[in-house]
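The values are calculated or read from the model by the stated rules, or taken from the named source; none is laboratory data. Since we're looking at a predicted model, the values are computed, not measured. Glycine also receives a Cβ, built like all others from the backbone with ideal geometry; neighbour counts cover every protein chain displayed. What goes into the accessible areas is simple: the full protein's heavy atoms, side chains included, and nothing from ligands, DNA or RNA. Shrake-Rupley method; radii C 1.70, N 1.55, O 1.52, S 1.80 Å.
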Amino acid sequence: MMDILIRIARTGLRRGIRTGSRRWLVTGITAGLLALVRRALTESPETVYRTELKPGERLEVRTIPRNP
């Protein structure tokens, strides 16, 4: 799913440049900057397990539900 800030940034920049609308251009730039800041401040997911598979090997990924 596309992030709403990215969508607003894309739409704002496109409409601001194509139609010359200053409001859309400012909206697009602001949304784009907010998306960049949010991306810079969020932590990347932690790698739990990493291995290299040889030809013919396979990996099964399962989820086990937690006990309530």
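If you take the alpha carbon radius of gyration of the chain and divide it by 2.2 N^0.38 Å, what ratio comes out, to two decimals?
Relative to the rule-of-thumb radius for its length, the chain sits at 1.90.
Please give the charge dipole size of the chain, origin at the Cα centre, charges +1 on K and R Cβ atoms and -1 on D and E Cβ atoms. Round to the nearest 20 debye.
My answer is approximately 580 debye.
Quick one: angle between helix 4-19 and the longest Cα principal axis of the chain, in degrees between 0 and 90, rounded to 10, please.
Its long axis makes an angle of about 30 degrees.
Per the 1.4 Å probe, what fraction of the accessible area of the chain, in percent, lies on carbon and sulfur atoms?
55
Could you compute the FRET efficiency for Arg15 and Tyr49, with r as their C-beta to C-beta distance and R0 at 35 Å, rounded to 0.05?
Working: r = 45 Å, r/R0 = 1.29.
Plugging the Cβ-Cβ distance into 1/(1 + (r/R0)^6) gives 0.20.
Using the Cα centre of the chain as origin and beta-carbon charges of +1 (Lys, Arg) and -1 (Asp, Glu), tell me which of Ser21, Ile64, Leu33 is placed farthest towards the positive end of the dipole.
Ser21
Tilt of helix 22-41 relative to the longest C-alpha principal axis of the chain, in degrees (0 to 90, nearest 10)?
30
Ignoring everything except DSSP H segments at least 4 long, calculate the 222 nm mean residue ellipticity for the chain; use -39,500 (n - 2.57) per segment, divide by total residues, nearest 500. Working shown, then result.
Working: 2 runs with 36 residues, N = 68.
Mean residue ellipticity at 222 nm (helix-derived): -18000 deg cm²/dmol.
Whole number in Å², please: accessible area per residue of the chain, 1.4 Å probe, ligands, DNA and RNA not counted. Walk me through the intermediate numbers first.
Numbers: 7250 Å² over 68 residues.
Heavy-atom accessible area per residue stands at 107 Å².
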